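Data block below; observations after.
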Amino acid sequence: MKGTIRRTKKIWGILLAVCMMMGLAGCGEEKIISQDYQIGNSQHGLANGVMKTDTGYYYSQNGFRGLSLHYYDEKNAKSMYLCNKPECRHDGNEFCAATSDKYSVAGTTLYSNALYINVIEETETSYEFKLLKAALDGSSLSEVVTYLSINNVGIGVSTKDLVIHRNKAFLGYSAGNSDNDQVGFNGTAIYDLETGELSYLGEKEGDINITQHSFYGYGDYMYYVNAEKYKKRLCRYSYADGSVEELPLERNFKGKYTIYDEEAIFYERGNAELYIYNPKTKENRSIDIKGQGWYGISLGEGKGWTDTGIMDMISDGKYLYLSENKAISSFSPIPFRIGGIPDEEGRLKYVEINVLDKEGEHVNSFAFNTEEILGYSDYFSFHFCGDIIYMQTPKMMYQCTREDFVAGNPEFEEVYPIDIWMPSMREVEE
């Protein structure tokens, strides 16, 4: 009898150890760890935000080329597919945890010790909008929820934002008639990662002429722009009761905004007019950036000065970054021509970056172009992650200190190579 008891205890000990190693899989659900959305580390279309852990970085292929998840091991300076299956070819086969040809990928986010991926799967009869989950050790890829399913006959579809904040994933989508762009709908699904509850921000099949975009999670709210044909409104969804309210900004809000903290939301009104809204006092305050004398791009000696407008604004909780000539938080090149005023080669080759403090006071301005690092102009985006600022290009992720960036002397150094396809101006030119 004693031998039987000892063997039983040993078996239970082994089972408990296995459960712990598997993150309690099969012995209870893995607990979701609530995290706040990092506003300055956004993803846009072809480029993910920075997905860093203590051991390395994760990155993903976006678009219609299929799913392709990657991991860069800092210790060994090695990039690899996020699949730990022996002898896997990583060619999109059904057993691979990193690749799949059946999904179009809108974005990938690192959250609560896993990767969450917003995708569309096209079957013979339908479009299936799904949220996937990939284990960080490359052991699994699973479907979390199908948040929309529609017939695919004569229909064009797309997914939009994937933003996760405090256990709620916001997943934007649209569907339209292939022959008539006035027939279709827009919407945003809300999926609770902890409870599994699926709901929608307004109507599931909302007005085709009204879109919801630019989602920022902060505190007990999810902020977003509700854009109609002739009007844009800044709204916020309450985590407490699911209600939605419109913030009373000044008229002619242009849709660009960023959250600094609980007392300051910067936004653009009219033609490059900068304002601050205080959610606590509900007061709006104008910042005269043009009157401060630093606003506008210099074309160089003897070539004059041009106002290209506010192209982007982003905050990292310490500074506000305004850019002219390019949206610095989106993955794109610097435009060839701005305002009809070219340089000697027929294009402006740099982006003007202006740094402001919480009160909207000017800290510094400087011009930047990827030529200084790559030797040529190319697509790039900035990701503001506290004391470190990352720059993502088609082939490499770089980093510099916030101190050097704000001073106008960003010394970018290589972090890891990007071994997926991303558009490059150099390839187009060649």
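The values are calculated or read from the model by the stated rules, or taken from the named source; none is laboratory data. Quantities reported herein were computed from a predicted structural model and do not represent experimental measurements. Note that we place each Cβ from the backbone using ideal geometry, even for glycine, and neighbour counts take in every protein chain shown. Areas reflect the complete protein model, heavy atoms only, side chains present, ligands, DNA and RNA absent. Shrake-Rupley method; radii C 1.70, N 1.55, O 1.52, S 1.80 Å.
For Glu414, indicate whether it is at pLDDT below 95, assigned to a strand (DSSP E or B) and open to solvent by 10 Å² or more (accessible area, probe 1.4 Å). Show your work before the answer.
On the way: at pLDDT below 95: no; assigned to a strand (DSSP E or B): yes; open to solvent by 10 Å² or more (accessible area, probe 1.4 Å): yes.
It is false that Glu414 is at pLDDT below 95, assigned to a strand (DSSP E or B) and open to solvent by 10 Å² or more (accessible area, probe 1.4 Å).
Out of the residues in the range 142-187 that are of a type in the set (Val, Ile, Thr) and closer than 22 Å to Leu46 by Cα, which is nearest to the chain's Cα centre (by Cα)?
Narrowing the range 142-187 to residues of a type in the set (Val, Ile, Thr): 144-146, 150, 153, 155, 157, 159, 163-164, 183.
If we keep only those that are closer than 22 Å to Leu46 by Cα too, we end up with 157, 159, 163-164.
Working: Val157: 20, Thr159: 13, Val163: 7, Ile164: 10 Å.
Filtering first and then ranking leaves Val163.
Matching residues to (1) more than 19 Å from the chain's Cα centre (by Cα); (2) open to solvent by less than 80 Å² (accessible area, probe 1.4 Å); (3) not small (Gly, Ala, Ser):
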site	(1), (2), (3)
Tyr57	no, yes, yes
Leu82	yes, yes, yes
Gly92	yes, yes, no
Ala97	yes, yes, no
Ser104	no, yes, no
Tyr116	no, yes, yes
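For the range 113-153, how many residues are outside any strand (DSSP E or B), more than 24 Å from Tyr200 (Cβ to Cβ) and without any contact (Cβ under 8 Å) to a residue 40 or more places away in the chain? Outline the logic, then answer.
At the first step, the residues of the range 113-153 found to be outside any strand (DSSP E or B) are 113, 123-125, 136-140, 152-153.
Subsequent filtering for residues that are more than 24 Å from Tyr200 (Cβ to Cβ) retains 113, 124, 136-140.
Now narrow it down to the ones that are without any contact (Cβ under 8 Å) to a residue 40 or more places away in the chain: 124.
Summing the residues that are outside any strand (DSSP E or B), more than 24 Å from Tyr200 (Cβ to Cβ) and without any contact (Cβ under 8 Å) to a residue 40 or more places away in the chain in the range 113-153 gives 1.
Would you mind finding the one in Asn180, Asn167, Asn209 that is at positive phi and either in contact (Cβ under 8 Å) with a residue 40 or more places away in the chain or not hydrophobic (A, V, I, L, M, F, W, C) (or both)?
Numbers: Asn180 fails: at positive phi; Asn209 fails: at positive phi.
Every option except Asn167 fails the conditions.
Output yes when any residue across the range 83-104 is in a loop (DSSP other than H, G, I, E, B), of a type in the set (S, T, N, Q) and modelled with pLDDT under 95, and no when none is. Step through it out loud before you land on a result.
Initial filter on the range 83-104 (in a loop (DSSP other than H, G, I, E, B)): 83-98, 101-102.
In the following step, the residues that additionally are of a type in the set (S, T, N, Q) were identified as 84, 93.
Imposing the further condition that a residue be modelled with pLDDT under 95 reduces the set to 93.
Scanning the range 83-104 turns up at least one residue that is in a loop (DSSP other than H, G, I, E, B), of a type in the set (S, T, N, Q) and modelled with pLDDT under 95.
Inside the range 199-228, can you point out the residues that are hydrophobic (A, V, I, L, M, F, W, C) and within 24 Å of Tyr111 (Cβ to Cβ)? Don't jump to the end; show me each part of the working.
Of the residues in the range 199-228, the ones hydrophobic (A, V, I, L, M, F, W, C) are 201, 208, 210, 215, 222, 225, 227.
Answer for the range 199-228, where residues must be hydrophobic (A, V, I, L, M, F, W, C) and within 24 Å of Tyr111 (Cβ to Cβ): Leu201, Phe215, Met222, Val225.
Would you check which residues across the range 369-398 are open to solvent by 50 Å² or more (accessible area, probe 1.4 Å) and small (Gly, Ala, Ser) and list them?
Answer for the range 369-398, where residues must be open to solvent by 50 Å² or more (accessible area, probe 1.4 Å) and small (Gly, Ala, Ser): just Gly375.
Look at Thr258 and say whether it is at pLDDT 95 or above and outside any loop (DSSP other than H, G, I, E, B).
Details: at pLDDT 95 or above: yes; outside any loop (DSSP other than H, G, I, E, B): yes.
Taking the combined requirement at face value, the residue satisfies it.
Of all residues in the range 287-323 being assigned to a strand (DSSP E or B) and modelled with pLDDT under 90, which is nearest to the chain's Cα centre (by Cα)? Talk me through it step by step, then tell me what you get.
Going residue by residue through the range 287-323, those that are assigned to a strand (DSSP E or B) are 287, 297-298, 305-306, 312-315, 320-323.
Those left that are additionally modelled with pLDDT under 90: 297-298, 305-306.
Values: Ile297: 27, Ser298: 31, Trp305: 33, Thr306: 30 Å.
Among those that are assigned to a strand (DSSP E or B) and modelled with pLDDT under 90, it is Ile297.
If I ask for residues that are small (Gly, Ala, Ser) and either open to solvent by less than 20 Å² (accessible area, probe 1.4 Å) or farther than 23 Å from Tyr116 by Cα (or both), which ones from the range 181-218 would you list?
Gly184, Gly187, Ala189, Gly202, Gly206, Gly217, listed by residue number.
If we scan the range 263-278, do we find a residue that is surrounded by fewer than 17 Cβ atoms within 10 Å (Cβ to Cβ), touching a residue at least 60 places away in the same chain (Cβ under 8 Å) and farther than 18 Å from Ala327 by Cα? Write out each step before concluding.
Taking the range 263-278 and keeping what is surrounded by fewer than 17 Cβ atoms within 10 Å (Cβ to Cβ), we get 263, 270-271, 278.
Narrowing the set further to residues that are touching a residue at least 60 places away in the same chain (Cβ under 8 Å) leaves none.
The answer is no, given that none of the residues of the range 263-278 is surrounded by fewer than 17 Cβ atoms within 10 Å (Cβ to Cβ), touching a residue at least 60 places away in the same chain (Cβ under 8 Å) and farther than 18 Å from Ala327 by Cα.
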